[in-house]
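*Asks:* Below: one structure in structure tokens.
Every number here is computed from the coordinates shown, using simple stated rules; none is lab data. Given the structure is predicted, the values throughout are model-derived calculations rather than measurements. Cβ: placed from backbone, ideal geometry, glycine included. Neighbour counts: every protein chain shown.
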Amino acid sequence: MQPIFDFFFDQYSGYPTLFIILEIIAVIFGFLSVWYSKQNNILVYPTGIVSTLIFVYLLWQWQLLGDMMINAYYFSMSIYGWYVWTRKVDATHFTPITNTTKKENWQSLFIFIATLIFVFVVYEWFDKWDNWTAYVDTLTTAIFFVGMWQMANRKIENWIFWIIGDIISVPLYFYKGLTFTAIQYFVFTIIAIYGYKAWQKHLRNDLRPS
């Protein structure tokens, strides 16, 4: 049992206790945020804001710039999404769950490519192309940027981006020595699959004639 424990958590031996506690708190609020998203609950945003703020601080300390930018973007999009989800489209209805339109698919592609370019420039500027993980960071950042934008606008396809990004992130964060975060993304993958199914049900109910 001890060798298994050491395999997963030995990388924390040199970390300050405060960083470990903060990561656990951020992971807990991250779980809550994704769970509330699955439930189509507005609490996805306040819980997400707490998680992302903590991760921005931690990732800056660890010089994981791509991951830090993802969380900084999550923070800003959480504020935007909070507004969109509470905005009424008429006197009685809030912004509904919908499929992406052709225009929104093109917008998603633009966000994806623009993010790739932006992260590339940042890594070039800070000379961070010193590990293969930097290239994966660039890809996952672009995937998550699109997923967060679509979620803020209540597009059901956002879950597809979350699932793909989460699957890539599990081994990536474990390799980086962030075991708790890797576990978080593993659970995120499972919740995202159920979230996609739950949103499909909401969409079918919304489209059903009253």
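*Asks:* Relative to the longest principal axis of the C-alpha atoms of the chain, give the angle of the C-alpha long axis of helix 158-175, reported between 0 and 90° and rounded to the nearest 10°.
*Replies:* Helix 158-175 and the main axis of the chain meet at about 10 degrees.
*Asks:* Here is a follow-up. Which order results if 108, 33 are arranged by neighbouring Cβ count within 10 Å, fewest first?
*Replies:* With the fewest neighbours first, 108, 33 line up as 108, 33.
*Asks:* Taking θ as phi - 60°, what are the ³J(HN,Hα) couplings along segment 109-117 by the Karplus curve (6.51, -1.76, 1.60), each to the nearest whole Hz, with x for Gly and Pro?
*Replies:* Ordered by residue, 3J(HN,Hα) equals 4, 4, 4, 4, 5, 4, 5, 4, 5 Hz.
*Asks:* Let me ask you something else. For a test of the definition: using alpha carbon positions, the gyration tensor, and the 1.5 limit on a/c, classify segment 100-153 as rounded, prolate or oblate.
*Replies:* Prolate, because a/c is 1.5 or more and a/b exceeds b/c.
*Asks:* Taking the Cα centre of segment 64-169 as the origin, how large is its charge dipole in debye, to the nearest 20, when only Lys and Arg (+1) and Asp and Glu (-1) carry charge on their Cβ atoms?
*Replies:* With Lys and Arg at +1 and Asp and Glu at -1, about 580 debye.
*Asks:* Here's a follow-up. Once you have a ≥ b ≥ c as the square roots of the Cα gyration tensor eigenvalues for segment 79-210, tell me rounded if a/c is under 1.5, and otherwise prolate or oblate according to whether a/b is larger than b/c.
*Replies:* Taking the square roots of the gyration eigenvalues as a ≥ b ≥ c, segment 79-210 is prolate.
*Asks:* So what is the calculated 222 nm ellipticity per residue for the chain, using -39500 (n - 2.57) for each DSSP H run with n of 4 or more, over all residues, to the nearest 500 deg cm²/dmol?
*Replies:* Taken over the chain, the calculation gives -26500 deg cm²/dmol.
*Asks:* Name the most mobile residue of 56, 121, 27, meaning the one with the largest mean-square fluctuation, in a Gaussian network model of the chain with Cα contacts below 10 Å.
*Replies:* In this elastic network of the chain, the residue with the biggest mean-square fluctuation among 56, 121, 27 is 121.
*Asks:* Using the per-residue mean of other Cβ atoms lying within 10 Å as a proxy for protection, in what order, highest first, do the peptides 179-185, 100-106 fall?
*Replies:* 179-185, 100-106
*Asks:* How tilted is helix 133-152 with respect to the longest principal axis of the chain? Cα atoms for both, answer in degrees (0 to 90, nearest 10).
*Replies:* Long axis of 133-152 versus the principal axis of the chain: about 30 degrees.
*Asks:* Report, in listed order, any pair from 38/155; 38/103; 38/197; 103/201; 155/176; 38/201 with a Cα-Cα distance greater than 20 Å.
*Replies:* Pairs exceeding the cut-off: 38/103; 103/201; 155/176.
*Asks:* Then there is this: Once a ≥ b ≥ c are taken as the square roots of the eigenvalues of the Cα gyration tensor of segment 14-153, is the result rounded (a/c under 1.5), prolate (a/b larger than b/c) or oblate (a/b not larger than b/c)?
*Replies:* Judged from the Cα gyration tensor, segment 14-153 comes out oblate (a/c at least 1.5, b/c at or above a/b).
*Asks:* When the Karplus curve 6.51 cos²θ - 1.76 cosθ + 1.60 is applied with θ = phi - 60°, which whole-Hz ³J(HN,Hα) does each residue of segment 47-54 get, with x for Gly and Pro?
*Replies:* With the stated coefficients, segment 47-54 comes to 5, x, 5, 4, 4, 5, 4, 5 Hz.
*Asks:* Using a 10 Å cut-off on Cβ atoms, rank the peptides 138-144, 124-130 from the highest mean neighbour count down.
*Replies:* Output ranking for 138-144, 124-130: 138-144, 124-130.
*Asks:* Now a separate question. Considering amide H positions built from the backbone, and no H for Pro or chain starts, which residues 5 or more places from residue 94, or on another chain, come under 5 Å of its amide H?
*Replies:* Distant-sequence amide H within range of residue 94: 89.
*Asks:* Let me ask something else about it. When the Karplus curve 6.51 cos²θ - 1.76 cosθ + 1.60 is applied with θ = phi - 60°, which whole-Hz ³J(HN,Hα) does each residue of segment 34-42 get, with x for Gly and Pro?
*Replies:* Karplus values, whole Hz, x for Gly and Pro: 5, 4, 5, 5, 4, 7, 6, 10, 4.
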